[in-house]
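All of the numbers you see were taken from the coordinates with simple rules; none came from a lab. Predicted model only: the values in this text are computed from it and were never measured. We place every Cβ from the backbone using ideal geometry, glycine too, and count neighbours over all the protein chains shown.
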Amino acid sequence: MKKLFSTQIVIPVDSNSVLQGALEVKHLLEETIRTYNLASQVSVVETGALGIYDQGVVLAVFPDDVYYGNVTPSDIQEIVTEHLLKGRVVKRLAIDRSLSSRRMVEKETGKSQQKIVLRNAGLIDPQSIDEYIARDGYAALAKALAMQPGEVIQVLTDSKLQGRGGAGFPTGLKWGMVAKEQSDEKYIVCNADEGEPGTFKDRLILEGDPHSIVEAMAIAGYATGAHIGIVYVRGEYVMSIARLKKAIADATAYGLLGDGILGTGFSFNLEVYRGGGAYVCGEEFALLESIENQRGEPRNKPPFPPQRGLFGKPTVVNNVETFANVPPILLNGSEWFRSFGTPSSAGTKVFSLSGDIVNRGIVEAPMGTTLRELVYDFGGGITGGRHIGFLQTGGSAGTVVSERELDVPLDFSSMKTSNVSLGSGVILVASEDVPLLPFLAEVAHFFWHESCGRCTPCREGTLQVKTILDALVSRTADPAALQRLSRLMNTFTNTSFCGLGQAVPLAFESALRNFPQVFEQALAASHVPEASAESV
Amino acid sequence: MKSLEELKRIKEETLKAMDLRQAKDRGKIVVAMGTCGIAAGAKDTLMAVIDELDKAGVHDVQVVQSGCMGLCDREPTIEVSMKDQPSVIYGDVDDANARRIVREHVQGGQVVAELVIKRGNL
Ligand SMILES: Cc1cc2nc3c(=O)[nH]c(=O)nc-3n(C[C@H](O)[C@H](O)[C@H](O)COP(=O)(O)O)c2cc1C
Ligand code: SF4
């Protein structure tokens, strides 16, 4: 009973906030609470990120529903004596992120975040398996184990869940392919390489709700007949790795991993593999090569991983966000899942909003949410009340679009219908003050740097694209530069060996289409230096 | 190794501890717990309020304790402030009255007139 009239302070501890001193703040807070003899009434709980960035260390006080931002150790004394002892909100630190103010926004705009993937992130203590269980954790695994493997796959197929790693391949179909294969061993691999610049959604899931991935991978193992799972995590994601490892250990101790799970005959074990950090290692074959201790390079397709994957065995490779959707789908049914989103794309998407936008951070919204809603309703508009210059959607391997595309609903079909890529859900907003060409030159440098060098069109092509963009920026491009750029794009599309090379044209072709005047002006202003004019 | 029943039990127990992490923004009930209040039985009042809210499944109303409200001769006193409504202070709130206030005022939206000491903010 006592718990009912105490206070709980939630402090998101994630890799961002740790750098800003979240742990120091937490320890000092606990100490100060003890000093004032409040320990029996006030508890401090660690959670994953709330999806709020740019606010430093955040504290949320419940049940008061008060959020403090940019909290430093020197603020703790005041928060404890003013708020906890006297019940007075410390106004100078309060930020407008309370649940009730969010509900107001939702009422006014009619738009709300729809949380399926992020159902627990920022709400539970990610290091407590009990809290995960309290939120129906492992109930989906228990439910799956009481079904036939084929029935589990059918639910996923009916749900129309598609891969969230960028390509949108139907997940039920992929699992069904692996289930069909006859093999002494099969593998479940989670792609947590998250190499796309500007994306940090997978990290937020892993840090904030690691058990959701553990549970989903065990379900995938049961459905397909695999007994070993590997989570391939980007090397820099130290906290994700630590929390996953703890989740795996706790689940094993509860008998939710290991031999004879929940008293059934099903066994499943999970390992964490720390990735090397190259962008191309996010490509599924390069990732598998990397786990096999080979150089991370793509392989020939077909056969695809479901037929011949890790160590030549049938393998499911799914993105973190894809897996995170699985337990709720099993619990609530495929029809429930299809009730979110659009006819072509069921469910939600986790968007990473970055750039010149007021509320940078992570937002989960139904498939079909428009860029305008993301930028203005969820993102709070452009900083300094400026106009939009351009938007990059779907990351480096995505499209560069203009304000004219603001009302395109984003889903898996928006690339086909409107030339706006969804990709992994990164939305980068550039204000009118950001020049386009130097930005594109950055993208070109990125691809040149990340090309693994295995095939000529991509290895040489990325160098040429970079040279052309640099020349446009420095106004030294020759008159044929744009034609050459267009020709190069066809070569990428038609002859690249893997998805990296094939994706290079997206950014440049869309930029050429949406901002032709920028390129033409740069060309018109260009003077070819003597020496290079001769060599062309 | 846990059984399904044990998982269910873990769920129930942990949920109680997590209940606090919800915004309780429908209203607030302040129970005066000064020395005079406690002497007059405010502890029972507090328990009755919490118990009645719990029974009714009301989770978005905050219950807080405060010091003496300065109305010592009418203790135990409680102050009920529902969102967008002026707050009401009740006196002589014993167990039965506390439950009645939760049912009629908090749930039913009807102020329990005969127990009111004061309306509006102090
Ligand atoms: C160059 C390149 C990089 C990729 N990087 C990632 C990545 O970081 N994370 C990811 O999940 N998928 C990435 N993919 C997609 C994967 O190859 C694969 O399609 C995906 O992991 C499948 O999971 P899904 O069906 O759940 O989306 C990348 C693909 C390419 C071509
Ligand atoms: S397209 Fe680029 S990244 Fe892919 S195999 Fe060829 S060189 Fe490597």
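Here's the picture: charge each Lys and Arg Cβ at +1 and each Asp and Glu Cβ at -1 in the protein assembly as shown, and of A:GLY453, A:ALA430, A:PRO170 the one pushed furthest to the positive end of that dipole is A:PRO170. For chain B, the longest principal axis of the alpha carbon atoms and the long axis of helix B:42-56 meet at an angle near 50°. For the range A:330-397, a Kirkwood radius taken over Cα pairs fed into Stokes-Einstein (20 °C, viscosity 1.002 mPa s) yields D = 161 µm²/s. Each Lys and Arg adds +1 at its Cβ and each Asp and Glu adds -1 at its Cβ; summed about the Cα centre, chain A shows a dipole of about 660 debye. Determine the percent antiparallel among the DSSP beta bridges restricted to chain B, to the nearest 5. Percent antiparallel among DSSP bridges in chain B is about 65. Evaluated on the range A:260-319, the Kirkwood hydrodynamic radius is 12.8 Å, with distances taken between all distinct Cα atoms. Semi-axes of the equivalent ellipsoid for the range A:183-223, computed as √(5λ) from the eigenvalues of its C-alpha gyration tensor and ordered from largest down, come to 24, 14, 5 Å. Put simply, when A:139-149, B:2-12 are sorted by average Cβ atoms within 10 angstrom per residue, most first, you get A:139-149, B:2-12. Once both labels are positioned 7 Å from their Cα atoms along Cα-to-Cβ, the gap between A:LEU19 and A:LEU173 label points is 3.9 nm. With the convex hull drawn over the C-alpha atoms of chain B, the volume per residue is 119 Å³. Averaged over peptide A:58-64, the number of partner chain Cβ atoms lying within 10 Å of each residue's Cβ comes to 4. A straight chain from A:GLU520 to A:THR81 at 0.36 nm per residue would run longer than the Cα-Cα distance by 151.7 nm. Both the radius of gyration and Dmax for the range A:348-431 are 11.1, 34 Å, in that order, over alpha-carbon atoms.
With Cα atoms defining each centre, the range A:192-244 and the range B:27-42 are spaced 50 Å apart in the structure.
Take the Cα of A:ASN269, go 7 Å toward its beta carbon, and the backbone nitrogen atoms of the range A:297-311 under 18 Å from that spot belong to A:310-311.
Of all DSSP bridge pairs formed entirely within the range A:7-99, close to 55 percent run antiparallel. For the range A:436-535, a Kirkwood hydrodynamic radius built from all Cα pairs, placed in the Stokes-Einstein relation at 25 °C and 0.890 mPa s, yields a translational diffusion coefficient of 181 µm²/s.
Of the two radii for the range A:383-513, the radius of gyration is 0.97 times the Kirkwood radius, both from the alpha carbons; that is the Rg over Rh value. With a simple spin-label model that places each label point 7 Å from the Cα along the Cα-to-Cβ direction, the separation between A:VAL528 and A:ARG88 comes to 7.4 nm. For the range B:1-98, a crude dipole built from +1 on the beta carbon of Lys and Arg and -1 on the beta carbon of Asp and Glu, taken about the Cα centre, is about 480 debye to the nearest 20.
Mean projection of the Cα convex hull over all viewing directions, computed for the range A:133-276: 8.8 nm². For a paramagnetic label modelled on A:GLU31 (point 7 Å from Cα along Cα→Cβ), amide N atoms under 17 Å away belong, within the range A:7-24, to A:21-24.
If the viscosity is 1.567 mPa s and the temperature 4 °C, what Stokes-Einstein diffusion coefficient in µm²/s follows for the range A:7-99 when Rh is the Kirkwood radius over Cα pairs? Answer from the Stokes-Einstein relation: 100 µm²/s. When the inverse distances between all different Cα atoms of the protein assembly as shown are averaged and flipped, the Kirkwood radius reads 27.4 angstrom.
Of interest is the spacing of the C-alpha centroids, which for the range A:286-324 and the range A:29-84 amounts to 44 Å. Here is the result for the range A:295-399: no GluC sites (Glu not before Pro) lie in DSSP coil with at most 10 other C-beta atoms within 10 angstrom of their C-beta.
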